[in-house]
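Each remark here refers to the structure printed beneath this line.
A short reminder: the numbers here are calculations on the coordinates, not readings from a lab. Please read these numbers as outputs of a predicted model, since none were measured by experiment. Here the Cβ positions follow ideal geometry from the backbone for every residue, glycine too, while neighbour counts run over all protein chains shown.
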Amino acid sequence: METWDAIRARRAIREYDNTPIEDRDLVRILEAGRRAPSSRNDQRWDFVLIQDRDALEKISHVWRGAGHIADARAAVGLVAPTSEDPREIGSINYDLGQAAMSMMIAAADLGIGSRTASVHDYELAAEILGLPADRRLTWLLGLGYPADRPLNPIEKPARRPFDEVVHHERW
Ligand SMILES: Cc1cc2nc3c(=O)[nH]c(=O)nc-3n(C[C@H](O)[C@H](O)[C@H](O)COP(=O)(O)O)c2cc1C
């Protein structure tokens with residue numbers, strides 16, 4: 001897929017079919033995350049690839065909106081250092097968002113769907129993934145081929161109008 005098509009085709013997938021994701025495709029998706037830009041190139045992230053069905057089911061309980069992870073073929077756990085500093089938290093989250101989006105675009109390019117899940121129960125997540133005390137699971141990214149229809153560029157996405165969002169020179 002062309003980059004522009006992958007950007008327009010990506011959509012949040014809730015239900016996946018049973019087609020496994022090839023290892024080389026998973027590696028490419030993770031590599032896209034690893035190559036993402038970050039503040040001062042600090043790369044304050046680790047990615048935990050989860051493919052075990054029991055683990056996917058267990059980790060889907062870290063937030064009531066994370067149920068779709070149980071149905072995914074794989075999930076990437078985005079792990080970051082813990083911090084109490086609001087500026088640092090903002091900066092880390094910006095970087096994680098860039099890594100996540102790179103992975104979602106790389107996945108869409110391969111026809112693989114994705115969906116973010118938030119994490120609220122950090123203790124449960126740490127126990128399941130065996131995280132050190134100074135690390136926290138921040139987001140999960142579910143991956144799999146869409147059950148409904150293949151990814152194709154969306155002509156009219158559910159988004160605020162372009163002219164409302166984009167400001168020229170000043171607000
Ligand atoms: C930071 C973030 C957190 C999200 N958390 C969840 C979540 O917990 N559960 C979920 O089902 N979807 C979650 N999503 C997916 C969004 O609901 C979805 O991307 C949004 O509705 C736009 O839909 P689209 O991606 O198909 O354009 C999250 C997305 C982002 C960017």
(request) Can you tell me which residue among Arg34, Arg53 is of a type in the set (D, E, K, R) and more than 21 Å from Asp17 (Cβ to Cβ)? (result) Arg34
(request) Answer yes if at least one residue in region 60-71 is away from the ligand (no atom under 15 Å from the Cβ) and out of contact with any Lys or Arg (no Cβ under 6 Å at 6 or more places or on another chain), and no otherwise. (result) no
(message) Pairs needed: first member in region 99-125, over 12 Å from Leu140 (Cβ atoms); second member anywhere, in a helix (DSSP H, G or I) and within 12 Å of the ligand (Cβ to nearest atom); C-beta distance under 6 Å; at least 6 residues apart or different chains.
(response) Ala108/Ala9
(message) For Ser91, only one of the following conditions fails: (1) hydroxyl-bearing (Ser, Thr, Tyr); (2) surrounded by fewer than 18 Cβ atoms within 10 Å (Cβ to Cβ); (3) within 15 Å of the chain's Cα centre (by Cα). What is its number?
(response) (3)
(message) Can you pull out every residue in region 140-155 that is crowded, with 18+ Cβ neighbours inside 10 Å, part of a loop (DSSP other than H, G, I, E, B) and within 13 Å of the ligand (Cβ to nearest atom)?
(response) Leu151
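Collect the residues in region 41-62 that are closer than 18 Å to Asp121 by Cβ and surrounded by fewer than 18 Cβ atoms within 10 Å (Cβ to Cβ), keeping them in residue-number order.
In the first step, residues of region 41-62 are kept if they are closer than 18 Å to Asp121 by Cβ; the result is 48, 50, 54-62.
The answer is Asp54, Ala55, Glu57, His61.
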(message) Quick test for you: out of Leu78, Leu56, Leu96, pick the one residue that is touching a residue at least 60 places away in the same chain (Cβ under 8 Å) and hydrophobic (A, V, I, L, M, F, W, C).
(response) Leu78
(message) I'd like to check something: does region 6-19 contain any residue that is within 20 Å of Leu140 (Cβ to Cβ), away from the ligand (no atom under 16 Å from the Cβ) and either touching a helix residue (DSSP H, G or I) at 6+ places or on another chain (Cβ under 8 Å) or hydrophobic (A, V, I, L, M, F, W, C) (or both)?
(response) no
(message) Filter region 99-133 down to the residues that are away from the ligand (no atom under 12 Å from the Cβ) and of a type in the set (S, T, N, Q) and list them by number.
(response) Ser102
(message) Quick check on region 11-25: of everything there that is in a helix (DSSP H, G or I) and under 24 Å from Ser60 (Cα atoms), which residue is nearest to the chain's Cα centre (by Cα)?
(response) Asp25
(message) Just the residues that are touching a helix residue (DSSP H, G or I) at 6+ places or on another chain (Cβ under 9 Å) and farther than 28 Å from Glu22 by Cβ, please, taken from region 86-108.
(response) Ser91, Ile92, Tyr94
(request) Please work out which residue is farthest from the ligand (Cβ to nearest atom), limiting yourself to region 26-42 and to residues that are over 15 Å from the mean Cα position of the chain (by Cα) and in contact (Cβ under 8 Å) with a residue 24 or more places away in the chain. (result) Asp42
